[in-house]
Amino acid sequence: MFLLLFATFRAILSEISPNITADQSVLLALKSHITHDPHKLLAINWSTSTSICNWIGVTCGSKHHRVTALDLSSFDLTGTIPSELGNLSFLVRLDINHNSFHGTLPFELTNLHRLEYLDFGGNNFDGEIPSWFGYFAQLQDLLVYDNKFTGVIPSTIGNLSKLEKLSLFNNNLKGQVPITIENLLNG
């Protein structure tokens with residue numbers, strides 16, 4: 001009986017452990033891209049000696065024990081977004097608003113198929129607003145206001161049939177709102 005329980009427990013751990021380890025690696029990659037953490041929130045709290053599900057700003061799902069939400073809003077962080085962030089395959093909510101993240105957004109974020117909420121507002125991201133934002137089929141809120149994005153609003157955002165909130169103000173955008181987005185707003 002003991003051997004059967006031990007074998008079952010080991011099988012469960014082998015299923016969960018690699019996934020948690022993968023998510024931990026992603027978050028540690030993000031931490032390594034933070035160049036300024038004035039309140040030492042990540043420096044102190046994001047430690048390998050603690051489960052990532054207990055890290056500040058991290059929420060894990062109860063079923064799969066994977067990272068489902070990352071909320072680092074208003075932490076006064078400075079840094080860039082690593083491509084590894086796209087490996088948080090269970091992520092539903094990503095909120096890093098009101099920090100000083102900069103640079104362009106990595107294409108690998110397109111792997112976040114479950115995203116429903118994305119808030120990159122109040123940072124210093126530059127380049128064009130990625131056209132691949134339009135492929136987040138579950139996205140309900142897209143907030144990229146108050147950055148340094150340039151160019152036009154991608155028409156692919158009109159593909160977001162579940163979109164309820166879109167905020168693009170205080171960027172360096174030009175041109176008109178694409179008809180595909182107007183149809184979303186009027187539909």
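Quick look at the numbers
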read-out: Conditions (1) under 24 Å from the mean Cα position of the chain (by Cα); (2) of a type outside the set (A, V, I, L, M, F, W, C); (3) open to solvent by 100 Å² or more (accessible area, probe 1.4 Å): number failed by residue 156; value: (3)
read-out: Failed criterion for residue 175 (all others in (1) surrounded by 15 or more Cβ atoms within 10 Å (Cβ to Cβ); (2) at pLDDT below 95 hold); value: (1)
read-out: Scan of the range 47-89 for residues that are part of a loop (DSSP other than H, G, I, E, B), within 21 Å of residue 100 (Cα to Cα) and touching a strand residue (DSSP E or B) at 6+ places or on another chain (Cβ under 8 Å), ordered by number; value: 57, 72, 73, 76, 77, 80, 81
read-out: Residue count, the range 41-59 (criterion: in contact with an Asp or Glu (Cβ under 8 Å, 6 or more places away or on another chain) and open to solvent by 30 Å² or more (accessible area, probe 1.4 Å)); value: 2
read-out: Residue check for residue 52: at pLDDT 95 or above, farther than 23 Å from residue 122 by Cβ and β-branched (Val, Ile, Thr); value: yes
read-out: Which listed residue is surrounded by fewer than 15 Cβ atoms within 10 Å (Cβ to Cβ), among the polar types (S, T, N, Q), on the phi > 0 side of the Ramachandran plot and modelled with pLDDT of 95 or more, from 74, 25; value: 74
read-out: Tally of residues being surrounded by fewer than 19 Cβ atoms within 10 Å (Cβ to Cβ) and either on the phi > 0 side of the Ramachandran plot or among the β-branched types (Val, Ile, Thr) (or both) across the range 93-125; value: 4
read-out: Hits in the range 141-153 (condition: more than 20 Å from the chain's Cα centre (by Cα) and either open to solvent by less than 30 Å² (accessible area, probe 1.4 Å) or small (Gly, Ala, Ser) (or both)); value: 151, 153
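The values are calculated or read from the model by the stated rules, or taken from the named source; none is laboratory data. Computed from a predicted model, the values in this text were never measured in an experiment. When we count neighbours, we look across all protein chains shown, and the Cβ atoms used for this are built from the backbone with ideal geometry, even at glycine. Ligands, DNA and RNA are stripped out before the accessible areas are found, and what is left, the full protein with its side chains, is counted by its heavy atoms. Shrake-Rupley method; radii C 1.70, N 1.55, O 1.52, S 1.80 Å.
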